[in-house]
Number of protein chains: 2
Amino acid sequence: MTADTQDLLIETTCELLWERGYVGTSPKAIQRRSGVGQGSMYHHFGGKADLARAAIERSAAQLRARADAAFGAPGGALERVAGYLRRERDALKGCPVGRLTQDPDVMADPLLRAPVEEAFAWLTGRLTGLLAQARDEGALRPGLDPAATATALVAVVQGGYVVARAAGSAEDYGRAIEGALALLGAGTD
Amino acid sequence: MTADTQDLLIETTCELLWERGYVGTSPKAIQRRSGVGQGSMYHHFGGKADLARAAIERSAAQLRARADAAFGAPGGALERVAGYLRRERDALKGCPVGRLTQDPDVMADPLLRAPVEEAFAWLTGRLTGLLAQARDEGALRPGLDPAATATALVAVVQGGYVVARAAGSAEDYGRAIEGALALLGAGTD
DNA sequence: GTCTATATGTGGATAGAC
DNA sequence: GTCTATCCACATATAGAC
């Protein structure tokens, strides 16, 4: 069926983009891993960039959906932020969206870049709102700027992947997160 | 002269690894940008991986030297940490060492990976020491774990590059850093 | 030390048969 | 819709002349 083949191609491309980035992912590799043939792939998609666009949009949508699930959990605003930060993550694999940020060919193509930019803007905006709410609830020091704090937290998550990969240890991701939560005043105590 | 050609090749490779990563950098591109010929390049280095190893070691050494300069500035320990975080950086270009962390072929090769791993371990260790000192100086809340805080700060720097690139705005890097410094209690006030 | 020639595989895609 | 054939450029070297 058409839809299944397309879906399989997109899913496979998501995986490869996550593992190897855009520059490191070839059409041939997508075909090998998905089991879809050359002709079939080019029938459904215009080429590597077209398929990557679909895959990036899917990864960005998943990022939002997963974050939304954490943000909608019960509890105070600060607890929900902490829950999002502590959510299980494949620390050594990194962020499927944030990773693309390092890919010059992705950043150079507006169609590939847009979903990445939007996902981060959305995420930072949501966190900003939750932190403002936490401040109003008295759970956060009033002197903190919600937008700057939110940007710092998004950076801790993205940088947490970097330090974890550099050390070859998923625990370093958790250490970065707990360090940030302690600074926020939302630590274990 | 031999040394100059080798140095030029290493320097050029540093630039290309920074801009395009290991996967995205070809021997031919190094030759084009450096002006060094094919035969000359393969005379001085065993190949792409060998040249990359030299370049990565140089970038890692530069990272240490620049950090050391900031850490050795006058002032209290927390001020020196803040000075390091606020140091001028090419936010949209990212970190020449942290970037390699996303490159599967670098992480898979122990010779390429080692300098990256060591640079991050060294940096985190130095920051841990400075934060412990800051705590002893009474400049930092005693409840904070220096190692976790240091890991979080390294992550903010690395993630700051990600959010800046995602937004296409160098200011987002500064926002992440200031957000973190405010959490540390080392903000503008 | 540096140059040019050559070699083999892959990247990324088009063409046309089935 | 999918397959195979074909294409040209580039990636990553090696060989041997100068």
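Overview of results
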{"read-out": "Residue count for the range A:70-81, restricted to those that are on the phi < 0 side of the Ramachandran plot and open to solvent by 10 Å² or more (accessible area, probe 1.4 Å)", "value": "8"}
{"read-out": "Every residue from the range A:131-154 that is within 13 Å of another protein chain (Cβ to nearest Cβ), open to solvent by 50 Å² or more (accessible area, probe 1.4 Å) and not in a helix (DSSP H, G or I)", "value": "A:Arg141, A:Pro142, A:Gly143, A:Asp145"}
{"read-out": "Failed criterion for A:Glu88 (all others in (1) under 15 Å from the mean Cα position of the chain (by Cα); (2) under 26 Å from B:Gly98 (Cα atoms); (3) part of a helix (DSSP H, G or I) hold)", "value": "(3)"}
{"read-out": "Positions within the range B:84-113 being without any contact (Cβ under 8 Å) to a residue 60 or more places away in the chain and either under 16 Å from B:Ala155 (Cα atoms) or surrounded by 17 or more Cβ atoms within 10 Å (Cβ to Cβ) (or both), in sequence order", "value": "B:Tyr84, B:Arg87, B:Val97, B:Thr101, B:Met107, B:Arg113"}
{"read-out": "Any chance A:Gly159 is out of contact with any Lys or Arg (no Cβ under 6 Å at 6 or more places or on another chain), open to solvent by less than 10 Å² (accessible area, probe 1.4 Å) and in a helix (DSSP H, G or I)", "value": "yes"}
{"read-out": "Only listed residue being away from DNA strand D (no atom under 16 Å from the Cβ) and at pLDDT 95 or above, chosen from B:Asp103, B:Asp90, B:Asp109", "value": "B:Asp90"}
{"read-out": "Any hit, the range A:114-126, residues being polar (S, T, N, Q) and crowded, with 21+ Cβ neighbours inside 10 Å", "value": "yes"}
{"read-out": "Evaluation of B:Thr128 against (1) within 13 Å of another protein chain (Cβ to nearest Cβ); (2) touching a residue at least 24 places away in the same chain (Cβ under 8 Å) (one fails), failing number", "value": "(2)"}
{"read-out": "Flag for A:Ala108 being farther than 18 Å from B:Thr151 by Cα, out of contact with any helix residue (DSSP H, G or I) (no Cβ under 8 Å at 6 or more places or on another chain) and more than 8 Å from chain B (Cβ to nearest Cβ)", "value": "yes"}
{"read-out": "Positions within the range B:164-180 being within 7 Å of chain A (Cβ to nearest Cβ) and open to solvent by 10 Å² or more (accessible area, probe 1.4 Å), in sequence order", "value": "B:Arg165, B:Ala167, B:Gly168, B:Asp172, B:Arg175, B:Glu178"}
{"read-out": "Flag for A:Gly21 being closer than 24 Å to A:Ala170 by Cα and within 13 Å of DNA strand C (Cβ to nearest atom)", "value": "yes"}
{"read-out": "Count of residues meeting criterion [open to solvent by less than 40 Å² (accessible area, probe 1.4 Å) and without any contact (Cβ under 8 Å) to a residue 24 or more places away in the chain] in the range A:38-60", "value": "1"}
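The values are calculated or read from the model by the stated rules, or taken from the named source; none is laboratory data. Not measured: the values here are computed from a predicted model. Reconstructed Cβ throughout: ideal geometry from the backbone, glycine too, with neighbour counts over all protein chains shown. The protein model used for the area step is the full one, side chains on, heavy atoms only, and it has no ligands, DNA or RNA in it. Shrake-Rupley method; radii C 1.70, N 1.55, O 1.52, S 1.80 Å.
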